[in-house]
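Working notes, beginning with the structure itself.
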Amino acid sequence: MERIPLAIVGSGGMGTRHVFGLAELERAGLNPFDLVAVCDVDNARAERLADEAAGRLGRRPAAHTDLESAHRAGAAAIDITTVPRFHHTLAADAIALGLDVMVEKPVGLTIAAARALRAEIAGTDRILSVAENFRRDPTNRLVKALIDEGVLGDLRYFHQSSGGGGNLMAISMWRHLKDESGILFDAGTHYTDLMEYYLGPATSVYAQMRLFEKTRFNPAATGGAPASNPGGVYGQSQAAMPAEFTATADDALFAMVNFESGAIGQYAENRAEHGRPGWARSLHGSAGAVEIPKDRSGEPLVLTLDGTRTYAGAEILPLAPGFRLDDATAALFGGARATAYGLDFETVDRLLLAIEYAEFGSCIRSRTKPEVGLDEGLRAIALCYAMMESGAAGGTIVTIDDVLDGAVREYQASIDSAIGASF
């Protein structure tokens, strides 16, 4: 079957990780794409990514500095891996050129930005896939199977808490700047997508939010080891970032979330934790509860039913006979009923990105809607901003609908002004 000509727009760390994912798909014989171009406003970065792609894919894409030149080079689809503030405008430009689009989450830096993109795609037949990888982890697929098959009974309560980071830079400086995304939004849209994947639509939230660490430090700028460097691809850019800078984005959020089903969620994200880094996620129902490991860890689920019977990893499978991974995930993770998979973070990261590409290619060929499209991406940012809007207002109850329609947007207003977005 003829391959789909693809361009990656954004040649930094995330673009590099996406090339790694495409290479995993190529290695498995499942790659539907021909990477014909990579783009970046920094031509040197684009050339480096083209070299990386040549080594991993066996052919070198052309390096470009703008989307239109990549389109002229033959791209029929694009993958947007820039910093978040450009996601919605680049996606809109690509749609106007008649291209199918996969865009890294968040689909827009604000609700107004995502709504602007929705207006651009309305009435077209273009595919828009939001690259949300956490729900594609086989462990999260098994959680969903347990829910769908009624193993947990009626869902009652979701809990997630995590902490770490102290006063150090998390991957990149922009993750600490409010009008560039901020760490709570950058990480939070993963988790809000998962909440609705597990529990269905959220309806309202109330929260508290803080900026604890107003000054952040970057040890990579002075020759030290980066505090965080997923995939090992950010080191060069981290070394060029300031050794010390002022943070403008909040770094801690503590929220309660109400769901349409009647379930309630408790969410705590503290990216200024100076104690031992922590992680916990669990889902509780009328029949039992499941403890869920950190995404991309490969660790097993632990299921407890009626407070007495505990199952871990593959022991859970007989309780979910309908659990099956899609073909691409099964091929990459070792079987249609793979559970814990014992792979390192970097490998899992690449494989999940490969799955995103496999689905995107399938959707282009069949002209079908992706699992995570504009609507799902918009709800993920709406739930995240509902928590942040509530926190900024000191704990006022905020509904998801009020955030979606712009009735509540005080926290986002300054970001909209910075990026030129409006209702």
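The values are calculated or read from the model by the stated rules, or taken from the named source; none is laboratory data. Worth saying up front: this structure is predicted, and the values here are computed from it rather than measured. Note that we place each Cβ from the backbone using ideal geometry, even for glycine, and neighbour counts take in every protein chain shown. Side chains included, ligands, DNA and RNA excluded: accessible areas come from the protein's heavy atoms. Shrake-Rupley method; radii C 1.70, N 1.55, O 1.52, S 1.80 Å.
Observations on the model:
- For the residues T222, T16, a 1.4 Å probe over the protein chains yields an accessible-area ranking, largest first, of T222, T16.
- Its Cα centre serving as origin, the stretch 1-120 has a Cβ charge dipole (Lys and Arg +1, Asp and Glu -1) of approximately 220 debye.
- Computed FRET value (nearest 0.05) for D51 with D154, which takes r as the C-beta separation and R₀ as 41 Å: 0.15
- In order along the stretch 290-302, the phi-based Karplus estimate (6.51 cos²θ - 1.76 cosθ + 1.60, θ = phi - 60°) of 3J(HN,Hα) comes to 10, 8, 10, x, 4, 4, 6, 8, x, 7, x, 5, 10 Hz; Gly and Pro are listed as x.
- Pairwise centroid distance, computed over Cα atoms, of the stretch 264-330 with the stretch 361-393, Å: 23 Å
- Segment E68-W279, extension gain: residue separation times 0.36 nm, minus the distance between their alpha carbons: 71.6 nm
- Ligands, DNA and RNA left out, the accessible area of the chain computed with a 1.4 Å probe is 51% carbon and sulfur.
- Under Karplus coefficients 6.51, -1.76 and 1.60, residue-wise ³J(HN,Hα) of the stretch 168-178 in Hz, glycine/proline x: 8, 5, 8, 6, 9, 4, 4, 6, 10, 10, 4
- Length gained when the stretch D327-E371 is fully extended (0.36 nm per residue, less Cα-Cα span): 14.4 nm
- Integer Hz, Karplus 6.51/-1.76/1.60 couplings in order for the stretch 184-200, x for Gly and Pro: 5, 7, 4, 7, x, 5, 4, 6, 5, 4, 5, 4, 6, 4, 6, 10, x
- Were the residues from E244 through K144 laid out at 0.36 nm apart, the gain over their Cα-Cα distance would be 31.8 nm.
- Pairs of Cα atoms nearer than 8 Å and 6+ residues apart set the relative contact order; for the stretch 292-423 it is 15 percent.
- When the chain is treated as a Gaussian network with alpha carbon springs shorter than 10 Å, the biggest mean-square fluctuation among E132, E24, E315 belongs to E315.
- Per-residue SASA entry for H88, accessible area with 1.4 Å probe, Å² rounded to 10: 20 Å²
- When both the stretch 203-245 and the stretch 1-77 are represented by their alpha-carbon centers, they are found 27 Å apart.
- Cubic angstrom per residue, convex hull over Cα atoms of the chain: 137 Å³
- In this structure the chain gives 38 Å² per residue of accessible area when probed at 1.4 Å with all protein chains present.
- The chain: relative contact order in percent, alpha carbon pairs under 8 Å with at least 6 residues between: 21 percent
- Here r is the Cβ-Cβ distance between Q236 and R60 and R0 is 25 Å; the resulting FRET efficiency, rounded to 0.05, is 0.80.
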